[in-house]
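Novice: This is the structure I have questions about; it appears just below.
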Amino acid sequence: MTKHSDVVIVGGGVMGCATAYYLARRGITSSVFEQNTFGWGASGATAGVVGPLWHVPHDNEPYFELALKSLRMFPTLASDLTDAGLDPQYRQSGVLKVAFTEELAGTLRDDLAWQSDLDMAVEWLDAQEVSDREPDISPRVLGGVYSPQEGYVVGQSLVDSLVHAGTQLGVRFFDKTEVFGIETEASRVVGVRTAAGGFEAGHVVLASGPWTGIATRWIPEDVPIRPIKGQRILLRLPGLLPRSPVDGFSGYCVPQPDGRILVAATRHEYEFDQVVTAGAIADMIKAAVDLYPKLKDAQFDSARVGVRPGTPDDLPIIGPVPGWDGLSIIAGHDAVGIMMAPATADSLAESIASGDGVPLEPFSLGRFSP
Ligand SMILES: Cc1cc2nc3c(=O)[nH]c(=O)nc-3n(C[C@H](O)[C@H](O)[C@H](O)COP(=O)(O)OP(=O)(O)OC[C@H]3O[C@@H](n4cnc5c(N)ncnc54)[C@H](O)[C@@H]3O)c2cc1C
């Protein structure tokens, strides 16, 4: 095995695999090291909603622009990955957000004011229009906002298809191979230490999700990423499948291509364990039955935990690490890492290829320096 690569990527979640894919499309070879299996972390546990309008702050221009770019990239990425052999199961189904109270309906209408300026055909649906679209939805729903250009993707399928397409483009993927440290010469990063031995690299990318903070042990830099545990469940009820993700403020239901309904999500700060809890399941079942009363008769399929990577200012960390040659980070996407993956990974790949980190400055680790 040649233990050298243009780029070494630490972490095989959506960020690591998408970065490898977009680097390979620019002719740059990389090796991706994953301590477990690809998508084992939050990327496989995700709800997979591709809906930036309610999840990415629209008043932060660089971040919101990146989110809209990512949304626009999804159809092409999905079609390219499918052509390469594995379907990521992306659906531009639209996303519906509904209100049960006048206060929440007012919140939705307020948001509709700026959303209408985006030229994305976002529209208000009254109670009857919501029920025409979703006949099994609760009669207590007062109305909602439908955004037709958003949708969802199956997180594990997206990761698998990136690995499949990346392999065809020459990326080397190593599962069950933990990275233990970074090799440096003065301020230059020259490789990594892995469970399979040392590996030289011209550039190292930390894409280790909530574990990226552990890099603080490897280099004298504080990488302020914290774990935020999330849980989701899968239900099945023959004859009932939402047409699109439906968000009821206290939880959302996401149709799956195989007929199951994903219900998400819980959020617990600073928790890193993989324990599925009874309380979380109870909360999510309540949210699902509030939206679709018939789901009280659904079959309980399974539950899963993922740990999101959070940052102090809720923005991801993307781009070169100041003070180091040959080291970049792509992490900290918290609850929006799936929808942000195409534009984020493509931008990082461009910055590595061109050596120009300036476009990513709003997301630089340097913003946390005193
Ligand atoms: C319940 C839930 C619902 C969500 N819903 C949505 C949603 O609807 N839409 C959305 O956009 N986002 C959603 N998210 C968030 C999204 O899933 C995450 O932001 C995204 O998956 C993070 O991807 P990542 O690649 O940064 O991290 P991860 O997926 O955690 O990948 C990091 C990988 O690095 C590996 N690793 C760590 N350290 C090492 C090491 N030293 N050596 C080798 N490998 C290492 C880990 O094993 C892991 O596989 C949700 C998350 C959860 C938990």
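Novice: Would the range 134-154 turn up any residue that is surrounded by fewer than 21 Cβ atoms within 10 Å (Cβ to Cβ) and among the β-branched types (V, I, T)?
Specialist: Within the range 134-154 (the criterion being surrounded by fewer than 21 Cβ atoms within 10 Å (Cβ to Cβ) and among the β-branched types (V, I, T)), the answer is no, since none of the residues qualifies.
Novice: Please go through the range 238-259 and give me each residue that is more than 15 Å from the ligand (Cβ to nearest atom) and within 18 Å of S302 (Cβ to Cβ), ordered by number. First the steps, then the outcome.
Specialist: Let us first name the residues in the range 238-259 that are more than 15 Å from the ligand (Cβ to nearest atom), namely 238-241, 243, 257-259.
P238, L240, L241, P257, D258, G259, listed by residue number.
Novice: Now a separate question. Looking only at residues that are within 7 Å of the ligand (Cβ to nearest atom) and over 26 Å from Q256 (Cβ atoms) in the range 16-59, which one is surrounded by the fewest Cβ atoms within 10 Å (Cβ to Cβ)?
Specialist: Q35
Novice: Under the condition of being farther than 17 Å from E221 by Cβ and within 10 Å of the ligand (Cβ to nearest atom), which residue from the range 304-331 is surrounded by the fewest Cβ atoms within 10 Å (Cβ to Cβ)?
Specialist: R304
Novice: Only one of these is hydrophobic (A, V, I, L, M, F, W, C), at negative phi, in a helix (DSSP H, G or I) and buried (at least 22 other Cβ atoms within 10 Å of the Cβ): A280, A353, A349. Name it.
Specialist: A349
Novice: Report whether or not L262 is touching a residue at least 24 places away in the same chain (Cβ under 8 Å), crowded, with 17+ Cβ neighbours inside 10 Å and part of a loop (DSSP other than H, G, I, E, B).
Specialist: Numbers: touching a residue at least 24 places away in the same chain (Cβ under 8 Å): yes; crowded, with 17+ Cβ neighbours inside 10 Å: yes; part of a loop (DSSP other than H, G, I, E, B): no.
Spelling it out, it is not the case that L262 is touching a residue at least 24 places away in the same chain (Cβ under 8 Å), crowded, with 17+ Cβ neighbours inside 10 Å and part of a loop (DSSP other than H, G, I, E, B).
Novice: Test of understanding: among P227, P242, P238, which residue is part of a strand (DSSP E or B), at pLDDT 95 or above and either at negative phi or buried (at least 19 other Cβ atoms within 10 Å of the Cβ) (or both)? Walk me through it before giving the result.
Specialist: Numbers: P242 fails: part of a strand (DSSP E or B); P238 fails: part of a strand (DSSP E or B).
None of the others qualify; the one that does is P227.
Novice: What are the residue pairs meeting all of these: first residue in the range 332-352, first residue more than 8 Å from the ligand (Cβ to nearest atom), second residue modelled with pLDDT of 95 or more and of a type in the set (D, E, K, R), Cβ atoms under 7 Å, and 6 or more apart or on different chains?
Specialist: Listed by first residue and then by second, the contacts come to A343/K69; A349/R26.
Yes or no, residue by residue, for (1) in the same structural domain as G27 (by TED's automatic domain parsing); (2) surrounded by fewer than 20 Cβ atoms within 10 Å (Cβ to Cβ); (3) within 22 Å of the chain's Cα centre (by Cα):
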position	(1), (2), (3)
V159	yes, no, yes
G166	yes, no, yes
F173	yes, no, yes
T177	yes, yes, no
I182	yes, no, no
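Novice: Away from the ligand (no atom under 13 Å from the Cβ), under 26 Å from E129 (Cβ atoms) and of a type outside the set (F, W, Y): which single residue out of L96, L77, L81, L86 fits that description? Break it down stepwise before answering.
Specialist: Values: L77 fails: under 26 Å from E129 (Cβ atoms); L81 fails: under 26 Å from E129 (Cβ atoms); L86 fails: under 26 Å from E129 (Cβ atoms).
Just a single option satisfies the conditions, and that option is L96.
Here's the yes/no breakdown for (1) of a type outside the set (K, R); (2) free of Cβ contacts under 8 Å to residues at least 40 places away in the same chain; (3) within 15 Å of the ligand (Cβ to nearest atom); (4) part of a helix (DSSP H, G or I):
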position: D160; (1), (2), (3), (4): yes, no, yes, yes
position: T167; (1), (2), (3), (4): yes, yes, no, yes
position: F173; (1), (2), (3), (4): yes, no, yes, no
position: T177; (1), (2), (3), (4): yes, no, yes, no
position: H203; (1), (2), (3), (4): yes, no, no, no
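The values are calculated or read from the model by the stated rules, or taken from the named source; none is laboratory data. Given the structure is predicted, the values throughout are model-derived calculations rather than measurements. Neighbour counts run over all protein chains shown; Cβ positions are idealised from the backbone, glycine included.
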